[in-house]
């Protein structure tokens, strides 16, 4: 049987399945943990509506808490308030950068359908720090990331889009 | 709040729009002109199918007959689908796909913004998530419409042809029947008459920038959202529902 504090400690070590350098708590998707009726009730919010990792994440959370000694784990998915990249912790943003993914910066896409042209905000390359970078595609390997290229070190990199 | 047939119908329409366009767009997977667009289209399809799951789950709960998202997606026939006809039309080429995405995503951005204040709190929560995604979809498609329309003679001609073909189907966005009137009266969703001018104010400047000619309105109207579909939906469903109809109740 785990206390809420112990449960949080366990969850701090559960990695995001697609970006394993950060944990599900650093990603900001674990919203609440309650000890209840001898078990645990965990509230999780999805990142993107269609994120294929959502079910894997719920299972990882369940497995980790059961392995740590909890008999009953209920994982509830809650939509509101909607997840935002602003909930990614500051240390996690540094881990993203070290992993080669530019962390989210600035504001999310706003307004209606105004074309943003092909000169979006200059991002710093997570490898060499140069801001001489160009966007290759608004969608990278997952919906949450865009694909960029550094003109200075010539390496491609991904950008975790603000949402 | 009491559930009304109009309420179920309205949420089903929103779910069907997302599901059918998500399915249609996913046909590009492995076929898009460049790898980056292949990934972009697949990711946007996933966003839409994710939205459809939330919306159809909600519609099933409102209905209260024990139907879940899978039963609603895989065990209904054409006449029970309530998506806009625009969503089911074939992709044809990249230009028509981008123009369709632009016209539809621009509507979705405006609609989700208004649904944030829906008297249906579950729908409002789905709107808050979907809005963020729709903004990226609208930006992506808007970029391409400008790039293609104001591009080469070939890309311009194809994009103009796409707009000429698709434009008449957008009249359906704003068509209203008693369902729509009940929804507006109950504060569940906005009145379409209010949305039409807002949509044109967003869409037309981008089309102008793309050097495209906005077609005149014609008397033609499609009515997929009222359950009267084009011949294309049946073919789409026969592929999408194949597994569930061949092996009813299959799970994995």
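Read-outs throughout are calculated quantities, based only on the coordinates presented, and are distinct from any laboratory measurement. On a predicted model such as this, the values are computed, not experimentally measured, just so you know. Note that each Cβ is placed from the backbone with ideal geometry, even for glycine, and that neighbours are counted across all protein chains shown.
Numbers at a glance
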item	result
Shape parameters for the stretch B:36-83, alpha-carbon atoms, Rg then Dmax in Å	13.0, 42
Label-point gap, in nm, between residue A:66 and residue B:238 - each point 7 angstrom along Cα→Cβ	4.3 nm
Inter-part distance where the stretch B:131-193 and the stretch A:1-79 are each reduced to a Cα centre, Å	39 Å
Three-way shape label, the stretch B:134-252, alpha-carbon gyration tensor, a/c 1.5	oblate
Spin-label pair residue A:122/residue B:211, simplified geometry with 7 Å Cα→Cβ offset, distance in nm	3.0 nm
Residue-averaged beta-carbon neighbours from other chains (10 angstrom radius) around B:124-135	6
Chain A shape via C-alpha gyration tensor axes, a/c threshold 1.5	prolate
Shielding by partners - mean other protein chain Cβ count within 10 Å, residues of B:47-59	3
Rounded if a/c under 1.5, otherwise prolate or oblate - the stretch B:134-177, Cα gyration tensor axes	oblate
Mean shadow area of chain B, taken as a quarter of the surface of its Cα convex hull (nm²)	13.3 nm²
FRET efficiency for residue B:29 and residue B:93, using Cβ-Cβ distance with R0 set to 25 Å, rounded to 0.05	0.95
For chain A, share of DSSP beta bridges that run antiparallel, in % to the nearest 5	70 percent
By average C-beta atoms within 10 angstrom, highest first, the peptides A:80-89, B:224-233	B:224-233, A:80-89
Spin-label pair residue A:55/residue B:117, simplified geometry with 7 Å Cα→Cβ offset, distance in nm	3.8 nm
Projected-area average for the protein assembly as shown over all orientations - Cα convex hull basis, square nanometres	21.3 nm²
Inter-chain shielding of B:191-203 (mean C-beta neighbours from other protein chains, 10 Å cut-off)	1
DSSP-defined antiparallel bridges as percent of all bridges, the stretch A:4-83, nearest 5	60 percent
The protein assembly as shown: antiparallel DSSP beta bridges as a percent of all, rounded to 5	70 percent
Cβ crowding within 10 Å averaged over residues, with A:24-33, B:40-49 ranked highest first	B:40-49, A:24-33
Using a Förster distance of 41 Å, the FRET efficiency for residue B:181-residue B:245 (Cβ separation, nearest 0.05)	0.70
